[in-house]
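Working notes for the structure below.
All of the numbers you see were taken from the coordinates with simple rules; none came from a lab. Treat the numbers as computed from the prediction; the structure is a model and nothing was measured. No Cβ is skipped: glycine too gets one built from the backbone with ideal geometry, and neighbour counts run over all protein chains shown.
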Protein chains: 2
Amino acid sequence: MTTIDNGVNVQALLDAREVLKGAPEAAQFTWRANSKWTTGVHSTTTIEKFFGLGQEQTHKNQTEYASDHPAVFAAEDNGITPIEYLLVGLAGCLTAGVASVAQNRGIQLRSVEATVEGSHDIRGILGADSDVRNGYNDIKVTFHIDADASKEEIEAIVAQSQKRSAVFDALTNPTDVTVEVA
Amino acid sequence: MTTIDNGVNVQALLDAREVLKGAPEAAQFTWRANSKWTTGVHSTTTIEKFFGLGQEQTHKNQTEYASDHPAVFAAEDNGITPIEYLLVGLAGCLTAGVASVAQNRGIQLRSVEATVEGSHDIRGILGADSDVRNGYNDIKVTFHIDADASKEEIEAIVAQSQKRSAVFDALTNPTDVTVEVA
């Protein structure tokens, strides 16, 4: 018998599920980002600390992310466009889900790749047409997965990943966002 | 008279708005991300090309973004959590808007910092309670802005940035996301 190993500690996740059922306050996480404007539309956002399991937590490394606009928007392109970060998060979240679900179902993955495409009518953000929304019109994710499984099994893994994805939910359903000046 | 310079070419944006009013097809952008699974819940997403103004475009640099889960999720923390990328995008988008609107209104910025916090009940993604959503419960953005302007003027700039923000819209309103296996 071959051991299935996608590198996901599924037992720890199943244990956490049981523990958090009886300790909902420990399940309340706060993720944080701190940004500083550089110049123009260029800014840098730092991620390091978050709150969860009832206490302050720190990522292994502090990381920085540059945002800017491309040259076609008359900017310097010193970082990706902010809206592209949503595609990064979506790809990472669905891929993590694929690995976790495959592990839980005893299916060995060999490779998982995804292409994410977001359609965006920039007349919205430019104020050229008030009927055009500011955000994406729609987003399409295409997975290429090589695994010891049938096409149907792979499709079922992807469907389950989508069903439990934090970022998929955040993009397909509305979230209250409050913006304040200190 | 002092020249106001926040580094934003507002005239180019106003010109683009006028041009795109008569050329809606040129305003159709497609932003793209390509991700590859590493192991566990760790993946790497690459951003380089996009489509816009009727043709293929390329960022000045190809950039890579690591996604993983932290140690408290029994993972390796080789990158930020996918849902944190949404906060990066939100901070970058609202900050770019603040700089652009301030430039358009002739207000000199000295510093712009933002803290973004997303509240997340992880019982959703763990499947511990089907009444808990997978994504953020809510997101709060707090700006600290030093500028040659009154508190009211600064608040008005932030409000206008929010009104034209692609990422603010993408998080506060639903978007269709289609996920397929090739």
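Here is a yes/no grid of residues against (1) buried (at least 24 other Cβ atoms within 10 Å of the Cβ); (2) touching a His at 6+ places or on another chain (Cβ under 7 Å); (3) aliphatic (A, V, I, L, M):
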residue: A:L86; (1), (2), (3): yes, no, yes
residue: A:S100; (1), (2), (3): yes, no, no
residue: A:G106; (1), (2), (3): no, no, no
residue: A:G118; (1), (2), (3): yes, no, no
residue: A:D129; (1), (2), (3): no, no, no
residue: A:S150; (1), (2), (3): no, no, no
residue: A:F168; (1), (2), (3): yes, no, no
Looking at B:S130, B:S119, which one is in contact with a Ser or Thr (Cβ under 7 Å, 6 or more places away or on another chain), without any contact (Cβ under 8 Å) to a residue 24 or more places away in the chain and among the small types (G, A, S)?
B:S119
Residue list for segment A:154-170, filter: closer than 20 Å to B:D121 by Cβ and touching a Phe, Trp or Tyr at 6+ places or on another chain (Cβ under 9 Å):
A:S161, A:Q162, A:A166, A:V167, A:D169, A:A170
Considering each of A:I139, A:I154, A:I122, A:I145 in turn, give the residue that is within 30 Å of B:E153 (Cβ to Cβ) and either of a type in the set (S, T, Y) or facing chain B (nearest Cβ under 7 Å) (or both).
A:I122
Exactly one of A:T45, A:T58, A:T63 is in a strand (DSSP E or B) and surrounded by 17 or more Cβ atoms within 10 Å (Cβ to Cβ), and that one is A:T45
What residue, among those in segment A:152-169 that are without any contact (Cβ under 8 Å) to a residue 60 or more places away in the chain and under 14 Å from the mean Cα position of the chain (by Cα), is farthest from B:G89 (Cα to Cα)?
A:K163
Quick one: which residue in B:G52, B:G79, B:G97 is under 30 Å from B:F143 (Cβ atoms) and in contact (Cβ under 8 Å) with a residue 40 or more places away in the chain?
B:G97
Can you confirm whether segment B:11-26 contains a residue that is surrounded by 16 or more Cβ atoms within 10 Å (Cβ to Cβ), at negative phi and not in a helix (DSSP H, G or I)?
no
Within segment B:50-80, which residues are within 7 Å of another protein chain (Cβ to nearest Cβ) and touching a Ser or Thr at 6+ places or on another chain (Cβ under 8 Å)?
B:G52, B:T63, B:Y65, B:S67, B:H69, B:P70, B:I80
For segment A:114-122, state whether one or more residues are part of a helix (DSSP H, G or I) and out of contact with any Lys or Arg (no Cβ under 9 Å at 6 or more places or on another chain).
no
Here are some residues: B:G97, B:G106, B:G135. Which one is closer than 28 Å to A:Q62 by Cβ and in a loop (DSSP other than H, G, I, E, B)?
B:G135
Single condition B:A170 does not satisfy, out of (1) in a helix (DSSP H, G or I); (2) closer than 18 Å to B:G7 by Cβ; (3) of a type outside the set (S, T, N, Q)
(2)
